[in-house]
Amino acid sequence: MGVTFHGDATSVAVDSRDNVYVFNRGNNPIAVFDPEGNFVKGMGQGDFDRPHGIEIDGDDNLYLVDDNGHSVQKRTKAGKVAWTLGTRGKPAPWQGGGMFNRPTDVAVSPVNGDVFVSDGYGNSRVHKFNARGKHLLSWGEPGTDPGQFSLPHNICMAGTDRVAVADRENFRVQVFTTDGRFVAQHHIHHPMSLTTGRGGDNSLYVGEMGPPPVQAGVPNLGNRITVLSPEGKKILSFGAPLPG
C-alpha cells in the first residue's frame with residue numbers, strides 16, 4: 001500500500017525498530033513506514049495546522065511541533081496524545097518570548113526526558129520543559145550576539161549535556177548547556193536542520209539551505225550536508241548548489 005504526500009514532507013524521525021515517521025502537510029500528517037519503505041499507517045488527520053518538527057524518544061514516544069498551530073504534542077507510539085504544550089491557534093505575542101509563536105522543532109534529553117523547543121518563526125527563544133511538560137526555563141532574544149537568535153529553526157541534543165540550535169538567519173549553529181548557557185558557535189551557511197549521529201557517532205550533521213536568488217548557483221553555498229566534529233571542526237560537506 002502506498003501513500004501520496006499532497007504537501008511538504010517537513011521532518012523525519014526513526015523509532016527503536018527503524019520504522020520511519022514522516023511528519024508532513026498531507027492527508028496523513030504522521031505517515032509511518034517500515035524499514036523497507038512500505039507504508040504502515042497514517043495518524044493525526046485533522047489535528048495539525050502546519051506540521052514542522054518531529055522527534056522520537058527512547059521509549060518511542062512522538063514529539064510533534066505544529067508551526068501555525070503554535071503548539072507541541074507528545075504522543076505514544078500508538079498515536080494517543082499524552083500532553084499538549086501551548087493552545088492550538090493562539091500564538092504568544094510576536095517576538096515577545098512567550099510560548100509559542102510558530103515553534104519549529106523539538107529535542108529530547110536521553111538522560112531525563114527534558115524537552116527543548118525552538119521557537120521559532122515568530123519568536124527568538126528556546127523553551128525547556130521536564131518530561132511531564134512542566135516549563136522549567138527559557139532563553140534567547142532577537143539579535144546576533146551569542147545567545148541571541150534570528151529564526152531558531154531546528155534543535156537537537158549534542159551528546160547528553162549540550163543542546164545545538166540551527167540559528168538559521170544568523171548563519172550559524174549555537175551550542176548551549178542544557179540550562180541555556182552559551183558554549184560555542186559554528187558559522188554555517190543557512191543551517192536549516194541538524195542532528196547528531198547514532199550509537200557512538202557524536203558528529204553534528206547540518207542541512208544547509210540554498211542561498212538567496214542573487215547568489216543562486218554560487219559554489220559551496222548551501223543545498224548540502226555539512227558534518228562537524230563535536231568541537232565544531234568541519235569534517236566534510238556533500239551535495240551541490242542548485243543551478244543558477
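The values are calculated or read from the model by the stated rules, or taken from the named source; none is laboratory data. What you are looking at is a predicted structure, and each value in this text was computed from that prediction instead of being measured. Cβ: placed from backbone, ideal geometry, glycine included. Neighbour counts: every protein chain shown. Heads up: the accessible areas ignore ligands, DNA and RNA and are worked out on the full protein's heavy atoms, side chains in. Shrake-Rupley method; radii C 1.70, N 1.55, O 1.52, S 1.80 Å.
Would you pick out the residues in region 166-200 that are in a strand (DSSP E or B), closer than 30 Å to ASP18 by Cα and either in contact with a Leu (Cβ under 6 Å, 6 or more places away or on another chain) or not small (Gly, Ala, Ser) (or both)? Step through it out loud before you land on a result.
Restricting attention to region 166-200, the residues satisfying the condition of being in a strand (DSSP E or B) are 166-167, 172-177, 182-187, 191-196.
Subsequent filtering for residues that are closer than 30 Å to ASP18 by Cα retains 166-167, 173-177, 191-196.
Listed by number, the residues that qualify are ALA166, ASP167, VAL173, GLN174, VAL175, PHE176, THR177, PRO191, MET192, LEU194, THR195, THR196.
Check LYS90, LYS74 and return the single one that is outside any loop (DSSP other than H, G, I, E, B) and free of Cβ contacts under 8 Å to residues at least 60 places away in the same chain. Steps first, please.
Values: LYS90 fails: outside any loop (DSSP other than H, G, I, E, B).
After applying the criteria, what remains is LYS74.
Quick check: is even one residue across region 35-49 in a strand (DSSP E or B), buried (at least 22 other Cβ atoms within 10 Å of the Cβ) and without any contact (Cβ under 8 Å) to a residue 60 or more places away in the chain?
No, there is no match, as no residue in region 35-49 is in a strand (DSSP E or B), buried (at least 22 other Cβ atoms within 10 Å of the Cβ) and without any contact (Cβ under 8 Å) to a residue 60 or more places away in the chain.
Spot the failing condition for GLN95; the list is (1) at pLDDT 95 or above; (2) open to solvent by less than 30 Å² (accessible area, probe 1.4 Å); (3) on the phi > 0 side of the Ramachandran plot, and only one is missed.
(2)
Name the residue that is nearest to ARG75 (Cα to Cα), counting only residues in region 121-147 that are touching a strand residue (DSSP E or B) at 6+ places or on another chain (Cβ under 7 Å), part of a loop (DSSP other than H, G, I, E, B) and open to solvent by less than 30 Å² (accessible area, probe 1.4 Å).
Step by step, filter region 121-147, then rank; the result is GLY133.
Can you spot a residue in region 167-174 that is touching a strand residue (DSSP E or B) at 6+ places or on another chain (Cβ under 8 Å), without any contact (Cβ under 8 Å) to a residue 24 or more places away in the chain and open to solvent by less than 20 Å² (accessible area, probe 1.4 Å)?
Looking through region 167-174, at least one residue is touching a strand residue (DSSP E or B) at 6+ places or on another chain (Cβ under 8 Å), without any contact (Cβ under 8 Å) to a residue 24 or more places away in the chain and open to solvent by less than 20 Å² (accessible area, probe 1.4 Å).
Of the residues GLY217, GLY210, which is buried (at least 16 other Cβ atoms within 10 Å of the Cβ) and over 23 Å from HIS127 (Cα atoms)?
Values: GLY217 fails: buried (at least 16 other Cβ atoms within 10 Å of the Cβ).
Only one candidate passes the filter, namely GLY210.
Would you check which residues across region 1-24 are at pLDDT 95 or above and charged (D, E, K, R) and list them?
ASP15, ARG17, ASP18, listed by residue number.
Going by the conditions given, is LEU194 closer than 22 Å to LEU85 by Cβ, among the aliphatic types (A, V, I, L, M), in contact with a helix residue (DSSP H, G or I) (Cβ under 6 Å, 6 or more places away or on another chain) and open to solvent by less than 30 Å² (accessible area, probe 1.4 Å)?
Values: closer than 22 Å to LEU85 by Cβ: yes; among the aliphatic types (A, V, I, L, M): yes; in contact with a helix residue (DSSP H, G or I) (Cβ under 6 Å, 6 or more places away or on another chain): no; open to solvent by less than 30 Å² (accessible area, probe 1.4 Å): yes.
The answer is no for LEU194.
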